[in-house]
Every structure is written in structure tokens, then in C-alpha cells.
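Down below is the structure, laid out as C-alpha cells.
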């Protein structure tokens with residue numbers, strides 16, 4: 001089987017910062033806005049090189065979304081930056097009314113998503129943001145897996161006309177995708193070939209799925225791992241093609257099982273090919289304080305949990 005290794009770990013928010021800085025050099029219409037979290041969003045280089053194209057809004061996220069919507073009218077491509085909780089839950093009305101309803105070309109860039117924000121706890125974590133954003137008509141939802149993919153996604157969304165929600169994280173995670181990759185919105189990536197089970201993962205859980213597939217291979221279980229970096233629009237063809245071969249599927253995400261990737265996959269299966277499915281996700285709960293590793297373990301968001309769900313779903317075939 002194909003295996004993946006890494007030589008470096010880096011936070012995906014730094015991938016966003018690197019992508020934004022590159023856009024600052026190549027696309028004069030790109031502007032950036034931040035709600036008092038420049039360092040956390042890694043926007044420093046863009047600001048250093050393009051001070052006249054940056055707007056510090058302060059702790060006024062709703063205003064930031066309104067300003068961003070207005071900037072698109074003049075042909076600008078605004079990238080907003082704050083924590084995922086404040087990028088969605090705090091400003092849902094503004095996103096719905098000012099951005100999504102009129103299809104404004106705003107890129108909502110959200111760091112510190114999921115549980116792995118860690119010690120800041122439940123008030124700063126968010127596990128329902130994918131659901132909030134994917135339900136908005138016309139909103140693209142992207143959740144890349146590592147530094148390189150986040151950088152590539154950041155650059156790619158500038159060329160897409162319409163609202164985008166780009167979700168990334170705080171902890172350092174393995175870099176295992178190519179540095180020179182071309183990011184295609186809505187196109188899943190098959191990481192490994194397999195015949196016994198399909199594992200569809202997004203974000204930080206892609207690496208955990210690859211680790212699980214290696215352990216499963218040692219036990220004689222052949223797992224096909226698919227990286228779903230775009231949750232909406234979902235690559236339905238890739239999912240259906242895989243489950244037609246394997247006959248069962250596990251979805252893995254750092255999000256509530258209600259409203260996330262798993263439910264989107266369930267809809268595709270129900271309409272086209274009803275298939276046994278298991279979910280690796282949080283179980284209708286808020287998070288708490290702890291290190292990212294402690295939280296991923298407690299809430300069952302790691303390779304160990306994926307392996308358990310794989311064995312369960314195979315037994316249901």
C-alpha cells in the first residue's frame with residue numbers, strides 16, 4: 001500500500017498566512033481584514049508588504065463582514081480573518097444577509113477551528129461551523145489537511161467568484177502533501193487504494209486516517225483513504241465510486257457529527273447507494289480545555305478511533 005511520511009510539522013494557519021502573502025504579491029485586488037488577531041492569523045507578512053490593503057477592524061467581527069461585503073462592490077477580493085467561532089457563530093446574520101444572500105465575493109478565513117484550539121476551551125472552540133456555513137446557499141466550504149494544502153487553497157479561492165468559507169487550525173500537524181500541488185475546489189484526492197473499507201476524512205483527520213490505514217493494513221484490512229478538502233461542493237462521484245468497491249464507509253472530521261461532512265456523505269449514499277457508515281466526530285457536545293492531543297483522544301478524533309469504527313462498519317457489510 002502507499003504510505004505517507006513527513007519531515008516537518010507546521011500549523012495550517014501558517015499555510016494561510018503564506019498563501020495570503022503570495023496573493024499580496026500577485027493579485028492587486030486582494031485585501032485583508034482582521035478582528036484584532038493578526039498574529040494568530042499569521043497575516044503579518046501580507047501587512048508588512050501591503051499596508052494600504054489591510055484593515056484592522058478590531059473586536060468588531062460583524063462590522064468586518066459588512067465592510068468586506070462592501071469592498072467587493074468596488075472589485076476588491078476581501079479575505080477576513082479571525083477565529084472560526086467568531087467567523088461564523090458570532091456573525092452568522094451578517095454573513096447570511098450581507099454576503100451569502102447577494103453572493104458577495106468574500107473569503108471568510110477561519111483559524112483555530114474545532115477542538116484543537118486547545119486550552120482556550122469551549123467558548124473559543126467551535127464544532128458546528130461547517131454545518132452553519134454549508135447550509136448557506138452558494139457558500140463554498142473548504143477544510144484543508146496540512147500547511148501545503150492550506151496555502152494552495154488560500155491562493156486558489158482568490159480566483160473563485162463567490163463566497164468561500166476556509167477553515168484551518170492552530171496546532172502543528174504533519175506536512176505530507178506536495179508543496180507544488182494544484183488545489184481544485186470540489187475535487188477529492190484519493191490518498192490510498194483499498195478494497196475493504198472507504199475512509200473519507202477532512203482537515204486534521206486526514207493524517208489520522210492515513211495512520212489508521214497503515215495499522216489496518218498490518219491486520220489484513222485494505223482501507224481506501226480519500227481526502228475531502230472541499231465539503232461543499234462535495235465530490236459525490238469520488239465517494240460513490242469508492243463505496244461501490246468497498247461496500248462500507250467511515251467519515252472522519254473534527255466537528256460535530258450533526259451537520260458536518262458525515263451527514264453530507266450520508267445524503268449522497270441515501271440517494272444513490274445506501275451503504276453502512278460509521279462516524280468519527282464529536283457526539284453532540286461542546287469541547288473543553290486541554291492540549292490538542294488530549295482533546296482528540298478524549299473525544300475520539302484520532303487514528304485509534306478510526307480503526308475502531310472501521311472494524312465496526314466492516315462487520316455490518
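So here's what we get for this one:
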item	result
Residue that is farthest from residue 64 (Cα to Cα), among those in the range 84-117 that are assigned to a strand (DSSP E or B) and touching a helix residue (DSSP H, G or I) at 6+ places or on another chain (Cβ under 7 Å)	111
Strands (runs of 3 or more DSSP E) (entirely within the range 170-216) containing at least 3 residues that are more than 29 Å from residue 316 (Cβ to Cβ) and either over 14 Å from the mean Cα position of the chain (by Cα) or modelled with pLDDT of 95 or more (or both)	172-174
Test for residue 149: is it surrounded by fewer than 17 Cβ atoms within 10 Å (Cβ to Cβ) and not in a strand (DSSP E or B)	no
Failed condition for residue 233, given (1) closer than 26 Å to residue 112 by Cα; (2) touching a helix residue (DSSP H, G or I) at 6+ places or on another chain (Cβ under 8 Å); (3) in contact (Cβ under 8 Å) with a residue 24 or more places away in the chain	(2)
Segments classed as helices (runs of 4 or more DSSP H), wholly inside the range 1-79, with at least 2 members that are within 21 Å of the chain's Cα centre (by Cα) and within 16 Å of residue 167 (Cα to Cα)	12-26, 38-41
Residue 237, sole failed condition from (1) surrounded by 23 or more Cβ atoms within 10 Å (Cβ to Cβ); (2) at negative phi	(1)
Test set (1) buried (at least 17 other Cβ atoms within 10 Å of the Cβ); (2) touching a residue at least 24 places away in the same chain (Cβ under 8 Å) - residue 54 fails condition number	(2)
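The values are calculated or read from the model by the stated rules, or taken from the named source; none is laboratory data. In this text the structure is predicted, and so the values were computed from the model without any measurement. Cβ atoms come from the backbone with ideal geometry, glycine included; neighbour counts cover every protein chain shown.
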